[in-house]
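Student: One structure, as structure tokens, below. Some questions next.
The values are calculated or read from the model by the stated rules, or taken from the named source; none is laboratory data. A quick note: this is a predicted structure, and the numbers were derived from the prediction, not measured. Neighbour counts run over all protein chains shown; Cβ positions are idealised from the backbone, glycine included. In case anyone asks, the SASA skips ligands and DNA or RNA and just uses the protein heavy atoms, side chains included. Shrake-Rupley method; radii C 1.70, N 1.55, O 1.52, S 1.80 Å.
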Amino acid sequence: QVQLTESGGGLVQPGGSLTLSCAASGSFFRISSMGWYRQAPRKQRELVAVISLMVGSTHYADSVKGRFTFSRDDANDTVNLQMNNLKPEDTAVYYCNARGRTTAADPTRDYWGQGTQVTVSS
């Protein structure tokens, strides 16, 4: 059983910073990517940043480039999203995602955390 647990959300003023963390428990046979998504009220879930573990590259949404940094801590099985210069439009529930499979016989699928609320407001 694989679980992803996010932490680090909260209320911050515009221009402030937050760091989100995602801890993975359980075991994967193979993970192809890990990412952060967000969903604002009345909007569809959107990609924020993703790391391809196969290629070793990181992709950011245009709206967060230069402000957010996605990093891995393999020793602790966590990924982090450092968010700087936050804007009100960054307000959303942020979800951690892992794409992979738990055994060689399983198909590749998406795993999701429960989400953590980020609110940017003065």
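Student: Which one of the conditions (1) open to solvent by 30 Å² or more (accessible area, probe 1.4 Å); (2) closer than 19 Å to residue 14 by Cβ does residue 58 fail to meet, given that it meets all the rest?
Tutor: (2)
Student: Now for a different question. Take residue 45 and tell me if it is open to solvent by 60 Å² or more (accessible area, probe 1.4 Å), touching a residue at least 24 places away in the same chain (Cβ under 8 Å) and within 17 Å of residue 106 (Cβ to Cβ).
Tutor: No, not satisfied.
Student: Further, regarding this structure: Considering only the stretch 63-94, state which residues are within 24 Å of residue 122 (Cα to Cα), of a type outside the set (Gly, Ala, Ser) and over 13 Å from the mean Cα position of the chain (by Cα). Step through it out loud before you land on a result.
Tutor: Of the stretch 63-94, the ones within 24 Å of residue 122 (Cα to Cα) are 63-69, 81-94.
Then drop every residue that is not of a type outside the set (Gly, Ala, Ser), which leaves 64-65, 67-69, 81-91, 93-94.
Once the filter is applied, which keeps residues that are within 24 Å of residue 122 (Cα to Cα), of a type outside the set (Gly, Ala, Ser) and over 13 Å from the mean Cα position of the chain (by Cα), the stretch 63-94 yields 65, 67, 84, 85, 86, 87, 88, 89, 90, 91.
Student: Right, something else. Considering every residue within the stretch 33-49, establish whether at least one is more than 14 Å from residue 95 (Cβ to Cβ), in a strand (DSSP E or B), of a type in the set (A, V, I, L, M) and touching a His at 6+ places or on another chain (Cβ under 9 Å).
Tutor: Checked the stretch 33-49: no residue is more than 14 Å from residue 95 (Cβ to Cβ), in a strand (DSSP E or B), of a type in the set (A, V, I, L, M) and touching a His at 6+ places or on another chain (Cβ under 9 Å).
Student: Within the stretch 89-114, can you find the residues that are open to solvent by less than 60 Å² (accessible area, probe 1.4 Å), out of contact with any Lys or Arg (no Cβ under 9 Å at 6 or more places or on another chain) and acidic (Asp, Glu)?
Tutor: Result: 106, single match.
Student: Those residues that are assigned to a loop (DSSP other than H, G, I, E, B) and either exposed (fewer than 14 other Cβ atoms within 10 Å of the Cβ) or over 18 Å from the mean Cα position of the chain (by Cα) (or both), I need them from the stretch 4-32; list them, please.
Tutor: Within the stretch 4-32, 13, 14, 15, 16, 17, 26, 27, 29 qualify.
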